[in-house]
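Since the structure comes first, as structure tokens, the remarks are kept for the end.
The values are calculated or read from the model by the stated rules, or taken from the named source; none is laboratory data. Bear in mind that the values here come from a model prediction, so they are computed numbers and not experimental data. FYI the Cβ positions are ideal-geometry reconstructions off the backbone, even for glycines, and counts take in every protein chain you see.
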Amino acid sequence: MRPRRYGDAGQAFPIYITVVGGLLFLAFAYFAVGQAAANRNGAQTAADAAALAAAQDRRDQLADAWVKDVLDPNKWQAIFEGNAEGLTLSCWRAYQLAEQNDAVVDFCGDPGPLRFSVEVQTNRPMGDSIVPGEAGRKAHASADAVIESRCEFDPPAAGAGPDVLPALLCKGVTWELDPDDLDVLPKPEDLFDVHLAEPQANDE
């Protein structure tokens, strides 16, 4: 009988352990990277939703102001530019939507009457990571939402009476407004468009 050769098997075992260990490390690395990417995506989703919610609340308030002053066309332009009496803070909606997306608002503000900026961070940390100190770090994201008027009109002529209202042209739809019949008026989404702002280019 030929003797069994244990030497080759003994030499192959460390190589096998090294290969398996390397594969496990790669699997863990891919998992950690995927988990971090998912967390960042969640943060961006929360920021986008929060910014849009705040802007939509402001849009609704502006639409209500327009309805209130519909018989005074001299006030329309200011309202369509985001300036109206009695506007209240809208960031509460940003906080609400961030919470629904498992995040918290770090900052919410309106740099202009028709724009909201929001920064959020996730409640959950990054989780397992191959980078020391990264496991407990939370993802951050920011978003800007803008409100744009959809409507145009010709200002009333000097001396025009209150019984004549300008026609309102809103993205191809003309609203002929009758002061004696105001049961059907444009809705907030007819008057204003709300969308996320385009990301600003970074020169750094």
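Within the stretch 80-113, track down each residue that is under 30 Å from R40 (Cβ atoms), touching a strand residue (DSSP E or B) at 6+ places or on another chain (Cβ under 7 Å) and part of a helix (DSSP H, G or I).
C91, A94, Y95, A98
Looking only at the stretch 62-79, decide whether some residue is of a type in the set (G, A, S), surrounded by fewer than 18 Cβ atoms within 10 Å (Cβ to Cβ) and not in a helix (DSSP H, G or I).
Taking every residue of the stretch 62-79 in turn, none turns out to be of a type in the set (G, A, S), surrounded by fewer than 18 Cβ atoms within 10 Å (Cβ to Cβ) and not in a helix (DSSP H, G or I).
Please work out if D163 is closer than 22 Å to V67 by Cα, acidic (D, E) and modelled with pLDDT of 90 or more.
Spelling it out, it is not the case that D163 is closer than 22 Å to V67 by Cα, acidic (D, E) and modelled with pLDDT of 90 or more.
In the stretch 131-155, how many are within 15 Å of the chain's Cα centre (by Cα) and at pLDDT below 90?
Within the stretch 131-155, residues that are within 15 Å of the chain's Cα centre (by Cα) and at pLDDT below 90 number 0.
I'm trying to understand the selection: among the residues of the stretch 85-96, which are of a type in the set (A, V, I, L, M) and touching a Phe, Trp or Tyr at 6+ places or on another chain (Cβ under 8 Å)?
If the condition is that a residue be of a type in the set (A, V, I, L, M) and touching a Phe, Trp or Tyr at 6+ places or on another chain (Cβ under 8 Å), then A94 is the only one that fits.
Just the residues that are in contact (Cβ under 8 Å) with a residue 60 or more places away in the chain and surrounded by fewer than 18 Cβ atoms within 10 Å (Cβ to Cβ), please, taken from the stretch 80-89.
Once the filter is applied, which keeps residues that are in contact (Cβ under 8 Å) with a residue 60 or more places away in the chain and surrounded by fewer than 18 Cβ atoms within 10 Å (Cβ to Cβ), the stretch 80-89 yields only E81.
Is it true that some residue in the stretch 90-106 is buried (at least 18 other Cβ atoms within 10 Å of the Cβ), at pLDDT 95 or above and under 19 Å from C170 (Cβ atoms)?
For the stretch 90-106, residues buried (at least 18 other Cβ atoms within 10 Å of the Cβ), at pLDDT 95 or above and under 19 Å from C170 (Cβ atoms): absent.
If D128 meets every condition in (1) at pLDDT below 80; (2) in contact with a strand residue (DSSP E or B) (Cβ under 9 Å, 6 or more places away or on another chain) apart from one, which number is that one?
(2)
Sort out which residues of the stretch 74-100 are of a type in the set (S, T, Y) and either within 23 Å of P155 (Cβ to Cβ) or in contact with a helix residue (DSSP H, G or I) (Cβ under 6 Å, 6 or more places away or on another chain) (or both), and write them in order of number.
Matches in the stretch 74-100: S90 only.
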